[in-house]
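Scroll down for the structure; my scribbles are underneath it.
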Amino acid sequence: MERYEPAKIERKWQEIWAREGAFTVPNPEPGSVGDDRKTYVLEMLPYPSGELHMGHVRNYMLGEVVSHFRRRRGEAVLRPMGFDSFGLPAENAAIKEGGHPRDVAERNIAAIRTQIERMGWAIDWSRVLATHEPEYYRWTQWLFLRFFERGLAYRREAAVKWCPNDQTVLANEQVIDGRCERCGAEVEAKSLEQWFFRITDYADALLDEMALLESWPERVLTMQRNWIGRSEGAEVVFEVEGSGETIPVFTTRPDTLFGATFFVLAPEHPLVSELVRGTEAERDVLAYVRRSAARSAVEREEKDKDGVSTGRHVVNPATGEPIPIWVADYVLMEYGTGAVMGVPAHDERDFSFAERYGLAVRTVVAPAGEKAPPEGAFVEHSADERLVNSGRFSELPAPEGKRAIVEWLEAEGRGQATIGYRLRDWLLSRQRYWGCPIPIIHCDRCGVVPVPDDQLPVLLPEIEEYLPKGRSPLASAEDWVRVSCPSCGGEARRETDTMDTFVDSSWYFIRYTDPANDGAPFDREIADYWLPVNQYIGGVEHAILHLLYARFFTKVMNDIGLVGFREPFARLFTQGMLHRHGAKMSKSKGNVIVPDEYIERYGADAVRLYLLFIGPVEQDAEWQDAGFEGIVRFLHRLWRVVLEAAEAGDEGTADGPLARKAHETIARVTDDIGRRFALNTPIAAVMELVNEIGRRPGDPAMRFAAETAVSLIQPYAAHIAEELWERLEHSRLWEEPWPEADEALLERDSFVLVVQVNGKVRGRVEVPAGLPEDELVARAKELPRVRARLDGVEIRKAIVVPGKLVNLVVQG
């Protein structure tokens with residue numbers, strides 16, 4: 001028998017697919033409705049900061065299976081590919097490798113594309129893009145200007161998070177536990193003029209329009225809800241004693257205002273330095289501020305609650321009493337106003353702080369009908385609490401007291417009902433070279449002036465010394481920086497910050513639909529035809545980064561009239577991480593495996609199969625070479641069995657056990673991929689079918705079963721499937737309709753009942769189909785090995801899975 005030679009077979013079919021444009025899908029003709037049986041399958045585009053490793057490959061294999069499955073089910077499938085080649089990841093790779101970021105990025109793009117092509121993935125390469133190409137970032141700049149026109153892009157001085165290693169500002173979402181999410185360096189605080197997107201204007205829409213999402217993991221939605229952090233309450237204004245300065249505080253419990261006995265500012269609050277300037281407390285306060293800047297948000301939340309007194313006071317607007325102002329790092333500038341009123345009797349953090357520094361504790365709410373708690377005690381909130389020690393509001397139920405106090409504050413001009421958010425505007429400025437230039441000009445006479453559309457793109461200049469130095473490297477390109485003001489014609493200077501890489505990736509999925517358009521970022525009719533993306537696939541680590549930003553961008557583009565949809569991704573799947581030696585596979589940990597070596601030794605199909613076979617795709621998985629060898633053996637067995645079936649000739653499908661097994665496998669694989677998105681179990685189902693074919697040489701249904709096995713494994717192992725399909729005297733399996741199970745053959749007179757005791761298999765017995773559950777339990781109890789396990793114990797529960805198993809849960 002001819003040997004299975006994966007290298008030869010895979011090269012052959014990759015050349016055929018490329019020559020025929022097998023996976024290229026056209027856009028509908030202008031003005032036409034187009035085929036409504038279409039689907040857009042997309043995985044998050046890669047950073048070209050190095051080669052793909054097996055963790056990336058696993059991610060792209062999910063889209064591979066889904067796209068083949070849907071194409072063969074009669075849908076026009078759009079599955080493009082591109083490269084997120086602007087920004088920190090690409091520039092840091094260039095610094096590490098040595099060389100210009102463009103050269104390194106394009107070299108890595110070429111290497112990744114070669115890897116993808118060797119994997120044989122069904123990609124529409126006619127739509128490929130890279131975010132560093134002027135043809136792309138021209139439209140990123142154009143979109144920025146549309147945001148700017150609507151007041152959604154603006155510049156202001158702000159306390160920012162500064163990565164000393166990357167020498168650039170980071171968005172809040174790019175700081176994980178106080179460290180840069182890219183390099184891990186401890187983040188510092190700094191004050192700079194920065195560009196922002198006003199994402200806070202869309203906070204409610206980002207929350208409320210989650211209802212439009214067809215299927216997103218609840219974990220991702222919860223992460224976004226928590227990050228946006230909407231809460232109803234009141235803004236209360238406290239006046240600084242002796243200065244007339246006012247500081248607003250957001251609180252969800254205005255009913256406890258009478259219990260505020262101290263006031264706390266976040267170390268980053270802009271008033272801190274002003275309040276202590278020239279006072280005895282200045283040195284201690286500023287030293288505390290510096291120490292706090294080195295701590296992560298998590299560390300600040302978890303450590304003992306400490307702080308430093310400013311020696312200044314604010315006036316409690318409810319009691320008229322002066323209360324001390326402290327600076328403490330358990331208050332975060334990222335939430336509310338960066339200031340809180342300390343109500344120690346009813347807030348655990350405030351109580352701990354008050355105990356430590358001997359601050360007053362005043363009870364102002366208590367359970368109804370109970371004796372008033374002693375002064376200085378901590379009193380938890382309860383469902384039926386009422387106000388006490390709260391002047392004319394005492395004895396009111398807490399909800400009523402909350403409304404009454406807010407109304408009184410509004411009447412007095414000291415506060416108002418409001419909604420607070422944890423979400424902050426998206427800081428997009430980067431003091432780095434390799435990024436999309438911000439299309440803004442600064443003129444002493446005209447101020448901030450947008451670059452006219454007909455002057456786009458503002459090309460990134462060639463700079464040899466691009467390493468970060470604490471200021472924007474573009475500032476050194478004087479010939480590029482100096483420019484005439486588009487408004488007055490006078491001398492002006494270009495903006496020298498570049499955009500955050502997440503700006504580039506916030507709209508790429510729309511550009512894919514119309515990538516050659518040089519008159520607009522995309523044609524709305526084409527974009528509306530393909531989007532929202534039907535199935536988006538990527539890591540959960542992007543929940544509050546890329547996924548939130550892309551939703552924001554889409555809503556703005558909808559409001560502008562550029563697109564007709566509000567959400568970019570109808571369905572989202574977040575895959576599990578691939579681990580090796582117990583740790584997530586990553587270059588920084590040195591435990592990466594690249595696919596190239598395994599493709600050379602075993603073939604791409606073995607890699608494709610193994611990465612999905614190792615476990616449920618939504619869960620983390622551990623790479624093991626022993627398991628990989630099992631997949632290689634399966635491919636050789638598939639090769640032998642199918643070639644034997646091909647030689648046996650076509651003897652009809654019949655309706656015997658093997659034909660039934662083939663139809664059952666069709667039904668199982670179709671349901672697992674199409675409905676359950678369980679992409680590992682279909683491989684096991686086909687393995688069972690191949691084993692069954694091997695046990696039944698000469699069976700009349702042998703050829704039919706072999707064809708079924710080849711057809712079903714095609715989304716996973718496309719090369720060997722096409723080759724075997726050809727050996728079975730067929731052609732172009734990638735276009736062949738997906739097989740359909742014969743419902744009549746799925747109905748069986750009997751089945752093998754698996755019997756478990758406390759989840760462990762203790763026996764099997766063939767029983768008639770259609771037996772009621774009590775009879776199935778009775779048959780299970782009759783098995784000798786099961787009877788032995790039941791002797792002297794109590795059956796607490798019998799779990800019956802119809803047509804499959806009985807599990808007896810026992811105690812004793």
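For region 106-135, a tally of residues being in contact (Cβ under 8 Å) with a residue 60 or more places away in the chain and either buried (at least 21 other Cβ atoms within 10 Å of the Cβ) or not charged (D, E, K, R) (or both) returns 19. Here LEU724 clears all of (1) crowded, with 16+ Cβ neighbours inside 10 Å; (2) more than 26 Å from GLU5 (Cα to Cα); (3) not basic (Lys, Arg) except the condition numbered (2).
I'd like to know if region 383-400 contains one or more residues that are part of a loop (DSSP other than H, G, I, E, B) and under 30 Å from ARG225 (Cα atoms). Yes, the conditions are met somewhere in region 383-400. Of the listed requirements (1) crowded, with 17+ Cβ neighbours inside 10 Å; (2) out of contact with any Cys (no Cβ under 8 Å at 6 or more places or on another chain), GLY184 misses just one: (1).
Would you confirm whether any residue within region 290-306 is crowded, with 19+ Cβ neighbours inside 10 Å, in contact with a Phe, Trp or Tyr (Cβ under 8 Å, 6 or more places away or on another chain) and within 30 Å of VAL160 (Cβ to Cβ)? For region 290-306, residues crowded, with 19+ Cβ neighbours inside 10 Å, in contact with a Phe, Trp or Tyr (Cβ under 8 Å, 6 or more places away or on another chain) and within 30 Å of VAL160 (Cβ to Cβ): present. Right, ARG695: charged (D, E, K, R) and surrounded by fewer than 16 Cβ atoms within 10 Å (Cβ to Cβ) or not? In short, yes. Mind checking which residues of region 332-358 are of a type in the set (Gly, Ala, Ser), open to solvent by less than 50 Å² (accessible area, probe 1.4 Å) and assigned to a loop (DSSP other than H, G, I, E, B)? Answer for region 332-358, where residues must be of a type in the set (Gly, Ala, Ser), open to solvent by less than 50 Å² (accessible area, probe 1.4 Å) and assigned to a loop (DSSP other than H, G, I, E, B): GLY336, GLY338, ALA345. Per the listing GLU64, GLU91, GLU97, the residue uniquely acidic (Asp, Glu) and either in contact with a strand residue (DSSP E or B) (Cβ under 8 Å, 6 or more places away or on another chain) or open to solvent by 10 Å² or more (accessible area, probe 1.4 Å) (or both) is GLU97. Considering every residue within region 244-252, establish whether at least one is assigned by TED's automatic domain parsing to the domain that holds VAL314, among the charged types (D, E, K, R) and closer than 30 Å to HIS313 by Cβ. Within region 244-252, one or more residues are assigned by TED's automatic domain parsing to the domain that holds VAL314, among the charged types (D, E, K, R) and closer than 30 Å to HIS313 by Cβ. Just one of the listed residues (SER309, SER390) is among the polar types (S, T, N, Q) and surrounded by fewer than 21 Cβ atoms within 10 Å (Cβ to Cβ), namely SER309. The residues listed here are GLY770, GLY759, GLY803; of these, the one that is modelled with pLDDT under 90, surrounded by 12 or more Cβ atoms within 10 Å (Cβ to Cβ) and within 43 Å of the chain's Cα centre (by Cα) is GLY803. I'd like to know if region 70-86 contains one or more residues that are of a type outside the set (Gly, Ala, Ser), out of contact with any Lys or Arg (no Cβ under 8 Å at 6 or more places or on another chain) and surrounded by fewer than 21 Cβ atoms within 10 Å (Cβ to Cβ). Scanning region 70-86 turns up at least one residue that is of a type outside the set (Gly, Ala, Ser), out of contact with any Lys or Arg (no Cβ under 8 Å at 6 or more places or on another chain) and surrounded by fewer than 21 Cβ atoms within 10 Å (Cβ to Cβ). Selection of first residues in region 50-71 that are touching a residue at least 60 places away in the same chain (Cβ under 8 Å) and part of a helix (DSSP H, G or I) and of second residues that are polar (S, T, N, Q) and open to solvent by 10 Å² or more (accessible area, probe 1.4 Å), restricted to Cβ pairs under 8 Å at least 6 apart or on distinct chains, gives the following pairs, ordered by first then second residue: GLY55/SER586; ARG58/GLN575; ASN59/GLN575; LEU62/GLN575.
The values are calculated or read from the model by the stated rules, or taken from the named source; none is laboratory data. Computed from a predicted model, the values in this text were never measured in an experiment. For neighbour counting, all protein chains shown are included, and Cβ atoms are generated from backbone atoms with ideal geometry for every residue, glycine included. With ligands, DNA and RNA removed, areas are computed over all heavy atoms of the protein, side chains included. Shrake-Rupley method; radii C 1.70, N 1.55, O 1.52, S 1.80 Å.
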